[in-house]
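Enquirer: The structure under discussion is supplied below as C-alpha cells; questions concerning it will follow.
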Amino acid sequence: MIYMYIMTSMGSKTRTYTTLPVRTETLRRLRGYKVGGVSYDQLLNDLLDAHPPEEFFLEHMRRLNREPRRAWAEIRKELDL
C-alpha cells in the first residue's frame, strides 16, 4: 500500500493536503492518465467529472432492480471468500 498526497483547495487561498491510500497498481494506472503538468487532484476531478455521481447511482439502481437479490453466503462462495 502506498499513499498519494492530494492537494485540495479550501477557500480562495488556503490549500491543504491529504493522503489517499492506494495500491501500487492503482498509482501505476493513474500515472497512465497523467499528462503534462496536470496534478493528481486535477486528474481525479476530471475522471470524476466524466462519471457524475447522479449517473453512477442511476446505473447502480438500474442494475439492482434488474438483478435478483442473492444471499451473502452464496456470493461469498462464488467469489471464494
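Bear in mind these aren't lab numbers, they're just calculated from the coordinates by the rules spelled out. This one's a predicted model, so the numbers in the text were calculated from it and none came from an experiment. Virtual Cβ from ideal backbone geometry, glycine too; neighbours counted across all protein chains shown.
Enquirer: Between Leu81 and Tyr17, what length comes free when the chain is fully extended (0.36 nm per residue of separation minus the Cα-Cα distance, one decimal in nm)? It would help to have the intermediate numbers written out before the result.
Expert: Numbers: separation 64, 0.36 × 64 = 23.04 nm, distance 3.55 nm.
Between Leu81 and Tyr17, full extension yields 19.5 nm more.
Enquirer: Taking other Cβ within 10 Å of each residue's Cβ, how do Lys77, Lys34 sort, fewest first? Walk me through the numbers on the way to the answer.
Expert: On the way: Lys77 10, Lys34 13.
By the 10 Å Cβ count, ascending: Lys77, Lys34.
Enquirer: Then there's this: For Val22, list long-range residues whose amide hydrogen, built 1.01 Å from N in the peptide plane, is under 5 Å from its own amide hydrogen.
Expert: Here the answer is Ile2, Tyr3, Met4, since their amide H atoms fall under 5 Å of that of Val22.
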